[in-house]
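The values are calculated or read from the model by the stated rules, or taken from the named source; none is laboratory data. Since this is a predicted model, take the numbers as computed values, not measurements. We place every Cβ from the backbone using ideal geometry, glycine too, and count neighbours over all the protein chains shown. Side chains included, ligands, DNA and RNA excluded: accessible areas come from the protein's heavy atoms. Shrake-Rupley method; radii C 1.70, N 1.55, O 1.52, S 1.80 Å.
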Amino acid sequence: MNIIIQNATLITSTQILTSNIRIEGEKIVEIGLHIPFSNTDTIIDATGKYVIPGGIDPHVHLHLSTGAGYSSDDFYSGSVAALYGGTTSIIDFVTPHKGQSLVEALEDRKKEAENALSDYSFHVSPIDWHENIEREISICKELGITSFKVYLAYLQSIGLDSEVFANVLKSVAKIGGMVTIHCEMGKEIDDLRDRYFTENKTTPLYHPLSRPAKLEADAVQMAIEMAAEADCPIYIVHVSSSESLLHIQKAQTNGQKVYGETCPQYLLLDDSKYQGTFTQTAPFVMSPPLRKKSDQGALWQAIQKGNIQTIGTDHCPFMMAQKELGIDDFRKIANGAGGIEHRLELLFTYGVLENKITLSQWVNLCSTHAAKTFGMYPRKGNIEIGSDADVVIWNPEIERIISVQTQHQNCDSNIFEGFQIKGLAETVIRRGEILIEKGILNKSLSKGHFLVRK
Ligand code: URP
Ligand code: ZN
């Protein structure tokens, strides 16, 4: 199908221009003021709308296996929610079982993701060290994986000690890849969690108290120092605190390749959400936990200065019944929250419209930078000739309120419940196919593709 988008206010990470866009098959083939069309072309009039590259969410956990069961969005429901929010590509995770090869785990995960409607890739997680890992990392690279995720928390399950972490950094540096890191000091946090529990402090309030900002910042500092030693580029996921930012800013000033991601929840919610009943507070149990209002200000500033370059969601929703597994023990509350649907609209409403970021910064944060960092640019993350036709037509005038009643995320709570929103991903095109048309999901759609990254 050929599509002509007319009268677009085209916004990329570097410019804003009025133009028409021609899509043929899966690609953008022409951008210009005068594009001829025939009566077989599908014409979309974008007058008064913004036209932006499809969003890329570099941090989601769909169909994640946990002790509390799977996260409640699978690849179909989660990707549908993503599309409704204007996100056309996602990067999820491959976490092998103990002893399983990274390559086998990657192939298994690809099968689990076959139902996704968005395009998708994975960060692959080494969870221990054995003699084949270096070769497995190298094979993953040949299969299109350029980033490897490590956890410094969760030492009981998937977290790495510093020796294994150092080995992973060195191996990934050798193949020219990127290590993405969940930074929290695992041992200290586990000790604090156990201490609170034995003192009969069992409510969700002890989740943030046992994961203080200092222990995130200490892990960030350690990760930066070890990455410098290994000469490996790193990407710190879900940065939540001003203390962590100080280390990131210092490393960047020194010229080290350190990139930072934050999430809408750390920009817009704070730790007052942990005051209340179990039902009120458990939905906000996520790691790192919500921080202080002052941290929000520091994160916005870091975005403005370019120290934080990417917005992910860490989308990992759970049903209340899964949260309730920890009703008597905060350590057992299913850990995570959803947001895949709301990333662009929250950043538009509370970033662009409040003059914290420009339209081009919005596009960069929600799409272009992730494409560049994770080896998908210029195929993804831009609207230019030759790029995949992942295009969102954004209506900046539509006003709504986020609600669990109207969300497409498969969850019985929503951490952004009641947030006023301005702006809607009205039409969403993924590789030339109109998936969302005037706010409604089209039926009989082709599936998303696994993205081979370079
Ligand atoms: O609370 C969170 N973030 N759950 C998902 C797993 C992780 O830590 O990224
Ligand atoms: Zn995560």
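Odds and ends about this structure:
- Count of region 178-229 residues which are aliphatic (A, V, I, L, M) and open to solvent by 10 Å² or more (accessible area, probe 1.4 Å): 11
- Per the listing 238, 247, the residue uniquely within 16 Å of ligand 1 (Cβ to nearest atom) and out of contact with any strand residue (DSSP E or B) (no Cβ under 6 Å at 6 or more places or on another chain) is 238.
- Filter result for residue 65 (more than 19 Å from residue 445 (Cβ to Cβ) and modelled with pLDDT of 95 or more): yes
- Checked against (1) out of contact with any helix residue (DSSP H, G or I) (no Cβ under 6 Å at 6 or more places or on another chain); (2) among the aromatic types (Phe, Trp, Tyr); (3) more than 22 Å from residue 246 (Cβ to Cβ), residue 196 passes all but a single condition, namely (1).
Matching residues to (1) away from ligand 1 (no atom under 16 Å from the Cβ); (2) more than 30 Å from residue 325 (Cα to Cα):
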residue	(1), (2)
79	yes, no
99	yes, no
110	yes, no
133	yes, yes
137	yes, yes
155	no, no
167	yes, yes
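- Checking 313, 281, 262 one by one, the residue that is closer than 23 Å to residue 178 by Cβ and either of a type outside the set (S, T, N, Q) or in contact with a Leu (Cβ under 8 Å, 6 or more places away or on another chain) (or both) is 262 and no other.
- Scanning region 43-63 for residues that are surrounded by 21 or more Cβ atoms within 10 Å (Cβ to Cβ), within 16 Å of ligand 1 (Cβ to nearest atom) and part of a loop (DSSP other than H, G, I, E, B) yields 58, 59, 61, 62.
Quick grid of which residues meet (1) over 22 Å from the mean Cα position of the chain (by Cα); (2) more than 16 Å from ligand 2 (Cβ to nearest atom); (3) of a type outside the set (Gly, Ala, Ser):
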{"site": "223", "(1), (2), (3)": "no, no, no"}
{"site": "226", "(1), (2), (3)": "yes, yes, yes"}
{"site": "233", "(1), (2), (3)": "no, yes, yes"}
{"site": "236", "(1), (2), (3)": "no, no, yes"}
{"site": "243", "(1), (2), (3)": "no, yes, yes"}
{"site": "248", "(1), (2), (3)": "no, yes, yes"}
{"site": "251", "(1), (2), (3)": "yes, yes, no"}
{"site": "255", "(1), (2), (3)": "yes, yes, no"}
{"site": "266", "(1), (2), (3)": "no, no, yes"}
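- Being touching a residue at least 40 places away in the same chain (Cβ under 8 Å) and either in contact with a helix residue (DSSP H, G or I) (Cβ under 9 Å, 6 or more places away or on another chain) or more than 16 Å from residue 336 (Cα to Cα) (or both) is not true of residue 105.
- Some residue of region 107-115 being of a type in the set (A, V, I, L, M) and within 30 Å of residue 433 (Cβ to Cβ): yes
- Screening residue 185 on (1) under 30 Å from residue 364 (Cβ atoms); (2) within 25 Å of the chain's Cα centre (by Cα) shows it passes everything except condition (1).
- Residues being out of contact with any helix residue (DSSP H, G or I) (no Cβ under 9 Å at 6 or more places or on another chain), farther than 16 Å from residue 414 by Cβ and open to solvent by less than 70 Å² (accessible area, probe 1.4 Å) - total across region 322-331: 0
- Any hit, region 13-29, residues being open to solvent by 20 Å² or more (accessible area, probe 1.4 Å), touching a His at 6+ places or on another chain (Cβ under 8 Å), in contact (Cβ under 8 Å) with a residue 60 or more places away in the chain and over 29 Å from residue 444 (Cα atoms): yes
- For residue 40: the one exception among (1) loosely packed, with under 12 Cβ neighbours inside 10 Å; (2) part of a strand (DSSP E or B); (3) hydroxyl-bearing (Ser, Thr, Tyr): (2)
- Pair list, Cβ < 8 Å and 6+ apart or interchain, from region 242-254 residues that are over 18 Å from residue 212 (Cβ atoms) and without any contact (Cβ under 8 Å) to a residue 60 or more places away in the chain to residues that are small (Gly, Ala, Ser) and open to solvent by 50 Å² or more (accessible area, probe 1.4 Å): 251/228
- Boolean, residue 318 is open to solvent by less than 30 Å² (accessible area, probe 1.4 Å), out of contact with any Leu (no Cβ under 8 Å at 6 or more places or on another chain), touching a residue at least 12 places away in the same chain (Cβ under 8 Å) and more than 30 Å from residue 22 (Cα to Cα): yes
- Considering (1) surrounded by 24 or more Cβ atoms within 10 Å (Cβ to Cβ); (2) part of a loop (DSSP other than H, G, I, E, B); (3) more than 16 Å from ligand 1 (Cβ to nearest atom), the lone condition that residue 392 does not fulfil carries the number (2).
- Top-ranked residue in region 22-37 [being in a strand (DSSP E or B) and under 28 Å from the mean Cα position of the chain (by Cα); ranked as nearest to residue 3 (Cα to Cα)]: 23
- Within region 338-357, tally of residues that are within 13 Å of ligand 1 (Cβ to nearest atom) and open to solvent by 10 Å² or more (accessible area, probe 1.4 Å): 1
- Residue list for region 305-342, restricted to those being outside any loop (DSSP other than H, G, I, E, B), away from ligand 2 (no atom under 12 Å from the Cβ) and closer than 25 Å to residue 358 by Cα: 305, 310, 311
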